[in-house]
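The next block holds one structure in the form of structure tokens; read it before the comments.
FYI, it's all coordinate maths here, none of it is from the lab. No experiment lies behind these values; they were computed from the predicted model shown. All Cβ positions, even for glycine, are placed from backbone atoms using ideal geometry, and neighbour counts span all protein chains on display.
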Amino acid sequence: MSKLVTLNEVLKDAQEKKYAVGAFNANNMEIVQAIIEAAEEEKAPVILQASQGAIKYAGLDFITSMVKTAAKKATVPVVLHLDHGTSFEQCMACIKSGFSSVMFDGSKLSLEDNIAMTKKVVEVAHAMGVSVEGEIGKIGGTEDDIHVDEREALMTNPEEAKRLAEETGIDALAIAIGTAHGVYKFEPKLDYDRLVAVRALSDTPIVLHGSSGVPSESVEKAIGLGITKVNIDTNLREAFVNRMREVMAEKPKEIDPRKILGPAREMMKEVVKEKIRIFGSNGKA
Ligand code: G3H
Ligand code: 13P
Ligand code: ZN
């Protein structure tokens, strides 16, 4: 499997067989390696995604080259996806650089503008053989200081989800059903009825963002009800940095970065493997 594949090439099978493909955020070489090695060992299709922040940190060419290099050696299907792109230009830059998939996150726009902008991205992306994820409803962060009632108001309206999917032709649909990005202060409660309502109105594969810290039973239930892409970042950051801290505490005189980053990479790989098994994508590649 030397070339990168699109979301369609991994999510259609997931939808049919009721499992989900893990979408893991990558920011540097060790993270790319941890994710790909975990997917290889679990024989799972995998999505590596880079946020605009990751691109700013590592550089677009570095991200693309690292993932392409890793994918070239991999036997499992690998998608390279832009996570939460907020401009047409950012999506185009990623396509030009070699991404096989992009997300246009127009969730902060009005419904009409979100549809219009997402459609514009889809037109170009599809012509280039690249898949697109759109977002409807506002997912936000755990740090956003908003009340539960207010968060509920930001959740996805199923009729609007149907319109975004139908009118743009997106390949995946991110919805807000009670999750948030980052570390949860309270256990998140997912609105399964809302998920069922979206699924009833649209066949487009549905994406769960902010999935770190969501109890595995809740993630499994959501997958059973139609989630086919599960985004994980925070739990990977925790695994990586906690292990770095441990090693540095055990060996305060260590000055070789490889001796600190190597164990961190191993710990992250274990977490990715665990997630893959929860999502049921192990053995599917
Ligand atoms: O959805 C957010 C992801 O965790 C990426 O976060 O923008 O800090 O890279 P970031
Ligand atoms: P978490 O960091 O909460 O896992 O969210 C990841 C995400 O949704 C990336 O788009
Ligand atoms: Zn997200």
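The table below gives the values:
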item	result
Whole-Hz couplings from phi, Karplus 6.51/-1.76/1.60, listed for region 171-179; x for Gly and Pro	9, 8, 10, 8, 10, 9, 10, x, 8
For region 1-49 versus region 160-211, the gap between their alpha-carbon centres in whole angstrom	20
Convex hull (Cα only) mean projected area of region 1-86, reported in nm² to one decimal	5.3
Assigned charges on the beta-carbon of Lys, Arg, Asp, Glu; region 231-285 dipole about Cα centre (debye)	160
Whole-Å semi-axes of the ellipsoid equivalent to the chain (Cα gyration tensor, √5λ, descending)	29, 22, 18
Dipole moment magnitude, nearest 20 debye, the chain about Cα centre, only Lys, Arg, Asp, Glu C-beta charged	980
Loop-located chymotrypsin sites (Phe, Trp or Tyr not before Pro) in region 185-285, at most 13 other Cβ atoms within 10 Å (DSSP)	Phe186
Efficiency of FRET between Glu166 and Asn242 - r from beta-carbon atoms, R0 45 angstrom, step 0.05	0.55
Region 37-195, relative contact order [Cα under 8 Å, separation at least 6], %	17
Within region 1-24, backbone nitrogen closer than 20 Å to the virtual label 7 Å beyond the Cα of Thr75 toward Cβ	1-5, 10, 22
Surface/4 estimate of mean projected area, convex hull on alpha-carbon atoms of region 59-140, nm²	5.8
Distance (nanometres) between label positions extended 7 Å along Cα→Cβ at Glu41 and Val183	2.5
Inter-site label distance for Ser110 and Glu152 at 7 Å from Cα along Cβ, in nm	2.7
Label-point separation in nm, Gln52 to Lys259, each point 7 Å along Cα→Cβ	4.1
In region 231-285, trypsin sites (Lys or Arg not before Pro) in a DSSP loop with at most 10 other beta-carbon atoms within 10 Å	Lys253
Selection from Gly59, Leu208, Asn231 lying farthest towards where the dipole of the chain points positive, charges on Cβ	Gly59
Gain in span if fully extended, Glu159 to Ala93, counting 0.36 nm per residue against the direct Cα distance	20.6 nm
